[in-house]
Ligand SMILES: C[S@@+](CC[C@H](N)C(=O)[O-])C[C@H]1O[C@@H](n2cnc3c(N)ncnc32)[C@H](O)[C@@H]1O
């Protein structure tokens with residue numbers, strides 16, 4: 001503890017060859033501060049603070065409305081002001097436009113599901129030591145998607161990816177003539193709903209695991225989507241139907257699987273549209289994001305076998321091989337890079353990374 005010789009004194013003054021703790025403490029600081037800010041935001045959502053502060057309230061008024069105790073609540077409110085989520089005018093607090101749009105439960109763009117998904121991720125990361133010693137946590141694929149991820153994706157894409165994706169698909173001339181659409185692994189169903197709104201003649205099917213029915217039916221009902229239905233099934237093994245005008249496949253474990261590509265081809269009409277939006281890996285490509293790779297390795301699906309990097313599955317085609325196979329079956333109309341349709345990353349499973357959206361038209365015959 002005490003400097004007893006010259007070298008220790010030099011180290012304490014920061015003159016020694018050893019690195020100072022600042023670099024390490026800087027890392028701790030970022031993690032510590034941001035984690036605590038996240039806890040503050042999620043507590044405020046759970047306690048209904050943003051719901052109550054749609055109207056300006058004093059500290060006492062808010063404490064009455066949400067049954068909170070003033071001393072700690074005052075600090076929380078001031079912290080939320082610093083984060084740009086509340087404003088204080090005189091002694092009254094109120095939502096900023098940002099929190100009013102995204103953190104009030106009645107808002108159509110409410111992001112509570114995204115916060116819950118991030119928290120579910122923390123719970124997995126808490127088990128990192130065990131995973132490193134004993135291997136990944138086995139999860140049923142259906143449960144993995146059903147357990148908050150699909151709700152989170154729905155909330156995330158409503159902030160821009162949905163609109164941009166749908167715009168790109170709708171701009172292809174063949175879409176205007178489309179009468180039937182299959183949204184494979186469609187989850188929440190928002191893509192099918194939005195596309196059927198743009199084309200009033202379109203009937204759409206959201207095809208996904210049976211466990212996703214609850215979420216999909218809820219979203220379909222909330223949107224009055226009477227031309228969209230949910231069909232439960234496994235897209236690798238169950239019948240995908242035939243003569244579809246459009247097949248839409250976004251962020252699915254089968255996205256780079258050659259057998260699924262063939263099944264999709266067979267289920268489309270000649271001239272039908274295939275839209276695929278996925279993260280592809282070039283031949284020899286390694287990590288795209290180390291943190292996401294580590295998150296990816298925390299769990300193993302009981303169905304499809306994961307590969308080494310995020311969104312990689314065993315049996316996947318490389319970008320080059322996927323392009324080769326795709327162009328045997330389809331003519332590519334357009335390829336969009338992630339910046340053209342995706343939002344900001346959240347350092348969690350579901351991030352777009354460098355995904356690409358390919359819009360292709362089915363050729364007449366399979367070679
Ligand atoms: C990452 S989510 C993407 C949801 C939606 N397509 C989107 O882009 O927001 C993947 C979806 O594919 C579904 N899925 C995964 N494997 C499937 C399979 N073998 N059969 C049917 N659905 C599957 C999951 O249940 C989940 O809803």
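I'd like the distance between the alpha-carbon centres of region 288-352 and region 101-167, rounded to an integer number of Å.
About 17 Å separates the Cα centre of region 288-352 from the one of region 101-167.
Return one number: the angle in degrees, 0 to 90 and rounded to the nearest 10, between the long axis of the Cα atoms of helix 213-222 and the longest principal axis of the Cα atoms of the chain.
90 degrees
Where Rh is the Kirkwood radius over the Cα pairs of region 22-106, the temperature 10 °C and the viscosity 1.306 mPa s, what D in µm²/s does Stokes-Einstein return?
119 µm²/s
Helix 112-125 versus the longest principal axis of the chain: what angle, 0 to 90°, nearest 10, using Cα atoms?
It is inclined by approximately 70 degrees.
What translational diffusion coefficient, in µm²/s and rounded to a whole number, does the Stokes-Einstein relation yield for region 56-114 at 25 °C and a viscosity of 0.890 mPa s, taking the hydrodynamic radius as the Kirkwood radius over Cα pairs?
The Stokes-Einstein estimate is 205 µm²/s.
If the viscosity is 1.306 mPa s and the temperature 10 °C, what Stokes-Einstein diffusion coefficient in µm²/s follows for region 49-194 when Rh is the Kirkwood radius over Cα pairs?
Approximately 85 µm²/s, per Stokes-Einstein.
Taking every Cα atom in region 131-274, find the radius of gyration and the maximum pairwise distance Dmax, and write them in Å.
Every Cα atom of region 131-274 included, Rg and Dmax give 15.5, 55 Å.
Once you have all Cα-Cα distances for region 236-367, histogram them in 5 Å bins from zero and send the whole-percent values.
2, 10, 20, 23, 19, 14, 8, 3, 1
Add -39500 (n - 2.57) for each DSSP H run of 4 or more in the chain, then divide by its residues: what number comes out at 222 nm, to the nearest 500 deg cm²/dmol?
Per the formula, -12500 deg cm²/dmol.
Report, to two decimal places, the Cα Rg of the chain normalised by 2.2 N^0.38 Å (N = number of residues).
1.19
With labels modelled as points extended 7 Å from the Cα through the Cβ direction, what inter-label distance (nm, one decimal) is found for residue 176 paired with residue 222?
Here the answer is 3.3 nm between the modelled labels.
Bear in mind these aren't lab numbers, they're just calculated from the coordinates by the rules spelled out. The shown structure was predicted, so the numbers you read here are calculated from the model rather than taken from an experiment. A quick note on method: Cβ atoms are made from the backbone with ideal geometry, for glycine too, and the neighbour counts reach across all protein chains shown.
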